[in-house]
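Every number here is computed from the coordinates shown, using simple stated rules; none is lab data. Values in this document were obtained by computation on a predicted structure and should not be read as measured data. All Cβ positions, even for glycine, are placed from backbone atoms using ideal geometry, and neighbour counts span all protein chains on display.
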Amino acid sequence: MWQSIRSFFLRKGSVAPAETRHADSHRSRVTIVSVLLEDQDRSLIAEVCYQNQWDVFFAKTCAEARQVSEQIKPHVILLDRDLADGDWRHSLSGCAASSAGACTMLISRVADDYLWNEVVCNGGYDVLPKPLREPDVLRAVKFAWSYWNSAR
């Protein structure tokens, strides 16, 4: 019901009422912003999101991910360590800071305790190993959503 009310207001070009925005922030559908380099990773994320009825938005750069995150307030941000737009620490902390509490996960070929500690120290939530595997993605996103939801 809230989705139809919200879409009515958005079609009219006005802002949805406060109670609609509030109800929308407690949605049970997971929203993900993903910045991935490889097509196979994007395909796997798209398939997992489709199967679980999650919303996913793909960005090409960290700057674009931050911009999208400020607009849609995702629960989870997936960030490829091998991005071309700079040091992953800077990108991760920027995404984590701009996302209104989203759990930001680094996707990396290296996934050890040292990297996990660095991710947490830079505002991140977890590390997902490459190549991505469906069970790992499911587990990580479900835990992240649960953490995000309980923090609210």
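Taking label points 7 Å from Cα along the Cα-to-Cβ direction, S43 and D136 give a separation of 1.8 nm.
For E70 and C121, the difference between the fully extended length at 0.36 nm per residue and the C-alpha to C-alpha distance is 16.2 nm. Near L128, the amide H atoms lying under 5 Å from its own belong to L106, I107, S108; only residues 5 or more places off or on other chains count, and H is placed 1.01 Å from N. Summing Cβ point charges (Lys, Arg +1; Asp, Glu -1) relative to the Cα centre of the stretch 28-146 gives a dipole of roughly 300 debye.
Using R0 = 25 Å, the C-beta based FRET efficiency linking D113 and A151 works out to 0.60. For Y114, Y147, the sequence from fewest to most other C-beta atoms within 10 Å is Y114, Y147.
By the count of neighbouring beta-carbon atoms within 10 Å, fewest first, C95, C62 end up ordered C62, C95.
Just order 117-126, 32-41 by mean Cβ neighbour count inside 10 Å, highest at the front, would you?
On the way: 117-126: 17.4, 32-41: 18.9.
Answer by packing, highest mean first, reads 32-41, 117-126.
If you take the square roots of the eigenvalues of the alpha-carbon gyration tensor of the stretch 28-146 and sort them as a ≥ b ≥ c, do you get rounded (a/c under 1.5), prolate (a/b over b/c) or oblate? Rounded is the answer for the stretch 28-146, as its axis ratio a/c remains below 1.5. Quick check on the stretch 98-140: take the gyration tensor over C-alpha atoms, sort the square-rooted eigenvalues as a ≥ b ≥ c, and tell me if it's rounded (a/c under 1.5), prolate or oblate. It is oblate, given that a/c is not under 1.5 and a/b is not larger than b/c.
Among I72, I77, which comes first, then next, by fewest other beta-carbon atoms within 10 Å? All intermediate terms of the calculation are to be shown ahead of the outcome.
Details: I72 16, I77 30.
Least to most surrounded, the residues fall as I72, I77.
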